[in-house]
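Right, one structure below, let's go through it.
No lab work stands behind these numbers, since they all come straight from the coordinates. Keep in mind that what you see is a predicted model, and the values were worked out from it rather than measured. Cβ coordinates were reconstructed from backbone atoms using ideal geometry, including for glycine residues, and neighbour counts include every protein chain displayed.
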């Protein structure tokens, strides 16, 4: 087996350790069983996002300067510690500590994984195949989340805490996988890190207008899909779906994301960048409105379509960003994208959680649709009207 395939396989395992989320299908039930309301739940996720916001860019630069492999290894160790903390916790403040650890760990992983994949493809002269393999890695992650949904639901019938014990074991898998990676861009540029980060941000958000609009648009879409992931369980509860089916629905939704991700390169090639972006925005924002107007079993079909578009969107948006960046800044730029996603989510999550508790789920979904659509369409207009930039 060649080094490229070994790296790809190790990245698959890291993706599994990150996305084989036994706890997700039942986590709202777990929180409520421990006395938390939706506002507190969204607050926990907002804190996670704030930690990610604070660390995404520095850890992205750390991956460029210190090494992707080292950051991935450290991130997997800290994520493991976060789930150990969750397994032993029963109160809000302990959950908060666990979320902080998970935020730190995931910040170290995010950006570094995609950057190492792209660098590996570039080293072997196969960078044109990046989008295909990014789609496969995305597929592995979502298939893992889908399969985990079944097991998580079954484990929860024994105890709502049992999935967290098992989750810690899953998280451990990422540690030896990260250690097995070979790096082709080992870093070593620690001198003047703040100046270098500032230069990368200036290039990404000022000098290269095309990249700027792509990063911001990708951030909005990423925040939209992340927010919907946290609305899924309230929707299932609102339509009175039996608890035993939560894991099955979660499994199906994530399976369709994985399948759609496999065809993301074909969709992008067929539609072109402009129509692809417009299509993604209309389906993502429209999905919120459609679910809000159909809080019945019809919502399941709408969520199915929403998750198909989510599967297309993630590798496509990452791929366009990667094409406009240099190797020595790639992880930082990808982390900037994650920074934007988490910043938007941290800003809107407590607000839409409050709307859900104070008014209704439908109203919260409708307001979220507006929050996504208005800046999203503005960014598309700016992208289409800008002069062409020179990109790598």
Alpha carbon centroid spacing (whole Å) that separates the stretch 91-153 from the stretch 284-317:
22
Residues 354, 93 arranged by fewest to most Cβ contacts within 10 Å
93, 354
Computed FRET efficiency, Cβ-Cβ of residue 357 and residue 159, R0 30 Å: what is it to the nearest 0.05?
0.65
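Given a Förster distance of 51 Å, report the FRET efficiency between residue 91 and residue 129 from their Cβ-Cβ distance, rounded to the nearest 0.05.
Numbers: r = 48 Å, r/R0 = 0.94.
Step by step, r from the Cβ atoms, then E = 0.60.
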Here are some values of percent of Cα pairs over 29 Å apart: (i) 39; (ii) 53; (iii) 44. Which one was computed from this structure?
(i)
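Which whole-number percent gives the relative contact order of the stretch 111-237, counting Cα pairs below 8 Å spaced six or more residues apart? Don't skip to the answer; put the middle values down first.
Details: 26 pairs, mean separation 26.5, N = 127.
The normalised contact order for the stretch 111-237 reaches 21 percent.
For the chain, what is the calculated [θ] at 222 nm in deg cm²/dmol (nearest 500), taking -39500 (n - 2.57) for each run of four or more DSSP H residues and dividing by its residue count? Numbers along the way, then the final one.
Numbers: 17 runs with 315 residues, N = 392.
Rounded to the nearest 500, it is -27500 deg cm²/dmol.
Sort 71, 166, 76, 88 by Cβ crowding within 10 Å, fewest neighbours at the top.
Numbers: 71 29, 166 18, 76 26, 88 12.
In increasing order of surrounding Cβ atoms, one gets 88, 166, 76, 71.
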Residue 305 to residue 198: FRET efficiency via 1/(1 + (r/R0)^6), r the Cβ-Cβ distance, R0 41 Å, to the nearest 0.05?
0.50
What residue among 195, 324, 106 has the largest mean-square fluctuation in a Gaussian network model of the chain, using Cα springs under 10 Å?
195
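Given contacts defined as C-alpha pairs under 8 Å and at least six residues apart, what's the relative contact order of the chain, whole-number percent?
Values: 635 pairs, mean separation 114.5, N = 392.
Computed value for the chain: 29 percent relative contact order.
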Where labels lie 7 Å past Cα in the beta-carbon direction, separation of residue 207 and residue 269 in nm
3.2
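Among 200, 173, 158, what is the fewest-to-most ranking by other Cβ atoms within 10 Å? Walk me through the numbers before you get to the answer.
On the way: 200 24, 173 17, 158 9.
Listed from fewest to most nearby Cβ atoms, that is 158, 173, 200.
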